[in-house]
Amino acid sequence: MALTAKQSRFVDEYLKDLNASQAAIRAGYSAISARNISSGLMTKANIQSAISARMGKRSERTAITADRVLQELARLAFLDVRKAFTLDGALKPIHELDDDTAAAVAGMDIAEFGSGDDQTGVVKKIKLSDKKGALELLMRHLGMNTTPINSDLDSDLKRIELERRKLELERMRNGGGSTMEDVLRDLIARMPG
């Protein structure tokens with residue numbers, strides 16, 4: 001089934017940032033119901049096919065593939081910073097860096113103090129890409145990331161456990177015993193909303 005003009009615009013907008021709700025708004029759907037509309041649009045087979053086809057064409061056109069992205073992440077994650085320096089510890093000129101090291105360079109700053117014969121010094125700084133971030137992305141890709149998916153839920157559970165322990169301690173100080181039911185009843189009463 002062919003896409004309507006609005007659906008086609010949704011696909012175009014979705015491919016800009018892969019944010020379905022924002023794509024729906026930019027395509028002309030109601031901002032109030034964008035989340036529900038975008039969810040419905042993303043389940044339609046013809047829209048999924050159009051997105052896949054256009055993403056495939058874009059990958060061919062730009063030569064950006066999942067393999068290439070993973071290779072670039074690996075360059076950042078496994079960078080050996082020693083390759084950016086000479087044996088005596090001086091920073092190598094940019095044209096002398098190997099491809100992997102050059103790919104990991106996010107920026108360089110060079111400050112010269114004085115000029116000509118009056119030059120008193122040079123400070124060279126190199127800023128490297130985020131190695132930890134690259135490793136985390138690779139770990140997630142390989143299924144190695146053990147970070148809790150919902151950190152808000154995790155922090156709420158920790159907060160509730162802390163509250164429970166505080167209540168038990170308070171009751172023991174006051175000389176009264178508490179049952180688990182009492183503690184849970186108090187926690188539930190203290191919960192917002």
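Any idea which residue in segment 16-33 is surrounded by the most Cβ atoms within 10 Å (Cβ to Cβ), counting only those that are assigned to a helix (DSSP H, G or I), at pLDDT 90 or above and not basic (K, R)?
Looking at the filtered set, the residue picked out is A24.
So if I check each of D100, D67, D117, which one is at pLDDT below 80, charged (D, E, K, R) and assigned to a helix (DSSP H, G or I)? If you could, list the steps in order and put the result at the bottom.
Working: D100 fails: at pLDDT below 80; D67 fails: at pLDDT below 80.
Result of the check over D100, D67, D117: D117.
Within segment 117-144, can you find the residues that are touching a residue at least 24 places away in the same chain (Cβ under 8 Å) and among the basic types (K, R)?
If the condition is that a residue be touching a residue at least 24 places away in the same chain (Cβ under 8 Å) and among the basic types (K, R), then K124, K131 are the ones that fit.
Considering I126, I94, which residue is farther than 30 Å from L41 by Cα, surrounded by 12 or more Cβ atoms within 10 Å (Cβ to Cβ) and over 27 Å from the mean Cα position of the chain (by Cα)? Quick ask: steps written out before the conclusion?
Values: I126 fails: over 27 Å from the mean Cα position of the chain (by Cα).
Checking each option against the conditions leaves just I94.
Can you find a residue in segment 6-14 that is of a type in the set (K, R), at pLDDT 90 or above, surrounded by fewer than 17 Cβ atoms within 10 Å (Cβ to Cβ) and part of a loop (DSSP other than H, G, I, E, B)?
Kept after step one, since they are of a type in the set (K, R), are these residues of segment 6-14: 6, 9.
Now narrow it down to the ones that are at pLDDT 90 or above: 6, 9.
Filter once more, keeping what is surrounded by fewer than 17 Cβ atoms within 10 Å (Cβ to Cβ): 6.
Cutting the leftovers down to part of a loop (DSSP other than H, G, I, E, B) gives us none.
No, segment 6-14 contains no residue that is of a type in the set (K, R), at pLDDT 90 or above, surrounded by fewer than 17 Cβ atoms within 10 Å (Cβ to Cβ) and part of a loop (DSSP other than H, G, I, E, B).
The values are calculated or read from the model by the stated rules, or taken from the named source; none is laboratory data. Just so it is clear, the structure is predicted and the values come from calculations on it, not from any experiment. Note that we place each Cβ from the backbone using ideal geometry, even for glycine, and neighbour counts take in every protein chain shown.
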